[in-house]
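Have a look at the structure below before the remarks.
The values are calculated or read from the model by the stated rules, or taken from the named source; none is laboratory data. Source: prediction; values computed, not measured. Glycine gets a Cβ as well: all are built from the backbone with ideal geometry, and neighbour counts include every protein chain shown. Remember, those area values only see protein heavy atoms, side chains included, never the ligands or the DNA or RNA. Shrake-Rupley method; radii C 1.70, N 1.55, O 1.52, S 1.80 Å.
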Amino acid sequence: MAKKNIDWANLSFTYQPTDARFVSMYQNGAWDEGKITEDPNIVMNECAGVLQYAQTVFEGLKAYDTEDGRTVLFRPDLNAARLADSARRLAMPAYDEKRFVENVIETVKANADYVPPYGTGASLYVRPYEFGISPVIGVAPAEDYMFRILTTPVGPYFKGGVKPIYIKVSDYDRAAPHGTGHIKAGLNYAMSLYPIVQAHEEGFAENMYLDAATRTKIEETGGANFLFVTKDDKLVTPKSDSILPSITRRSLMEVAEKYMGLEVEHREVYFDEIKEFKEVGLCGTAAVISPIGKINDHGTDIEIPSGMGEIGPVLKELRQTLVDIQECRIEGPEGWVVEVK
């Protein structure tokens, strides 16, 4: 199938509708078989649970073409498991994990001509999501739900190379202890919108959120986990019950240990430790790793030794190794790369 006539090199990370999307309904206690549809619009009651009480969860992953002409996904089984966990936390029916992967593959195949060509740096972003659709006026879970998968071609997160960013310590709390910080719920991201707009207005790329209970431990940003590299090249990632279990972070930890021979620690990280790290970064689906060059703590800049010029050597190698696995230039662990057949 011929690719769409799209300026692949100049795609941004914005929504562009494709030809097909998947939809399945949960009614009378069961999910239907679902289907591919061309209609991007959703019709629902004005009192739908998602509109009244934010009962919605979502996932994000990418499909890409490889150098040898295949289209692949990266660890979609983990997205399936995380969506199911997120749904259960919001009293929603979990979508079957095996069907999730099958439906993602089906949706990508239906939009094969929107998968950017290899070498463009672009990819097909895949967004599975579930929400309460039946009317709810009292505070209670909806009875009926919709599961959908949309796709949209997106450009590389970094245009012109990976450059360190400048972030600030936020006075806002991202998630409460025993709350919903560990799931991918829309309400978590809604809470981060005001702080990120404020940060951008002040000239910062992102916020660093500290734990809500003590404000001494590093958690994450509005949508990415932190990575730290010690002076002796140990990779450290923050551990907390209110941090989203990032699939990219989990993968990077394994790559660091098994492919680069680094020692890896997943533990509580105190803000006071920042000055002891030589490299700092964020990790997530969109950018894989975003290096951080400077952190502003209420007017005082903390300079990361790797600087604002370019990504540090450890995070650079770590990022490139994972990208090479995702794009099949390096063989990854079994099951990490799933071919869209």
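Quick one: is Met92 more than 21 Å from Ile6 (Cα to Cα), in contact (Cβ under 8 Å) with a residue 12 or more places away in the chain, assigned to a loop (DSSP other than H, G, I, E, B) and touching an Asp or Glu at 6+ places or on another chain (Cβ under 8 Å)? Taking the combined requirement at face value, the residue satisfies it. Looking at this structure, is Ile274 more than 21 Å from the chain's Cα centre (by Cα), of a type outside the set (Phe, Trp, Tyr), within 27 Å of Ser240 (Cα to Cα) and in a helix (DSSP H, G or I)? Taking the combined requirement at face value, the residue satisfies it. For region 67-91, a residue qualifies if it is in contact with a helix residue (DSSP H, G or I) (Cβ under 9 Å, 6 or more places away or on another chain) and open to solvent by less than 10 Å² (accessible area, probe 1.4 Å), and the qualifying residues are Val72, Leu73, Pro76, Asn79, Ala80, Leu83, Ala84. Pairing residues of region 201-212 that are more than 15 Å from Leu282 (Cα to Cα) with residues that are open to solvent by 40 Å² or more (accessible area, probe 1.4 Å) and of a type outside the set (Phe, Trp, Tyr), at Cβ distances under 6 Å and at least 6 apart in sequence or on separate chains, gives Asp211/Lys217; Ala212/Asp173; Ala212/Ala176. Just one of the listed residues (Asp68, Asp77) is charged (D, E, K, R), touching a residue at least 60 places away in the same chain (Cβ under 8 Å) and either assigned to a helix (DSSP H, G or I) or farther than 25 Å from Ser123 by Cβ (or both), namely Asp77. Within region 133-152, does at least one residue satisfy the condition of being of a type outside the set (A, V, I, L, M) and closer than 21 Å to Gly335 by Cβ? There is no residue in region 133-152 that is of a type outside the set (A, V, I, L, M) and closer than 21 Å to Gly335 by Cβ.
Somewhere in region 10-29, is a residue open to solvent by 60 Å² or more (accessible area, probe 1.4 Å), among the aromatic types (Phe, Trp, Tyr) and more than 30 Å from Val139 (Cα to Cα)? The answer is yes; a qualifying residue exists. Inclusion of Pro245 among residues that are modelled with pLDDT of 95 or more, within 28 Å of Ala81 (Cα to Cα) and either of a type in the set (Gly, Ala, Ser) or surrounded by fewer than 16 Cβ atoms within 10 Å (Cβ to Cβ) (or both) is warranted. Among all residues of region 313-326, there is none that is assigned to a loop (DSSP other than H, G, I, E, B), surrounded by 13 or more Cβ atoms within 10 Å (Cβ to Cβ) and not β-branched (Val, Ile, Thr). Can you find a residue that is over 15 Å from Glu143 (Cα atoms) and in a loop (DSSP other than H, G, I, E, B) anywhere in region 47-57? No.
Just checking, does region 158-165 include any residue being open to solvent by less than 10 Å² (accessible area, probe 1.4 Å), part of a strand (DSSP E or B) and modelled with pLDDT of 95 or more? Taking every residue of region 158-165 in turn, none turns out to be open to solvent by less than 10 Å² (accessible area, probe 1.4 Å), part of a strand (DSSP E or B) and modelled with pLDDT of 95 or more. Across region 253-267, the number of residues qualifying as touching a strand residue (DSSP E or B) at 6+ places or on another chain (Cβ under 9 Å) and either loosely packed, with under 13 Cβ neighbours inside 10 Å or in a strand (DSSP E or B) (or both) comes to 5. Give the residue, chosen from Gly132, Gly121, Gly161, Gly155, that is touching a Gly at 6+ places or on another chain (Cβ under 8 Å) and on the phi > 0 side of the Ramachandran plot. The conditions single out Gly121.
Residue-wise test of (1) under 13 Å from the mean Cα position of the chain (by Cα); (2) surrounded by 14 or more Cβ atoms within 10 Å (Cβ to Cβ); (3) aliphatic (A, V, I, L, M).
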| site | (1), (2), (3) |
| --- | --- |
| Lys184 | yes, yes, no |
| Leu193 | no, no, yes |
| Ala199 | no, yes, yes |
| Tyr209 | no, yes, no |
| Ala213 | no, no, yes |
| Thr216 | no, no, no |
| Phe226 | yes, yes, no |
| Glu279 | no, yes, no |
| Ala287 | yes, yes, yes |
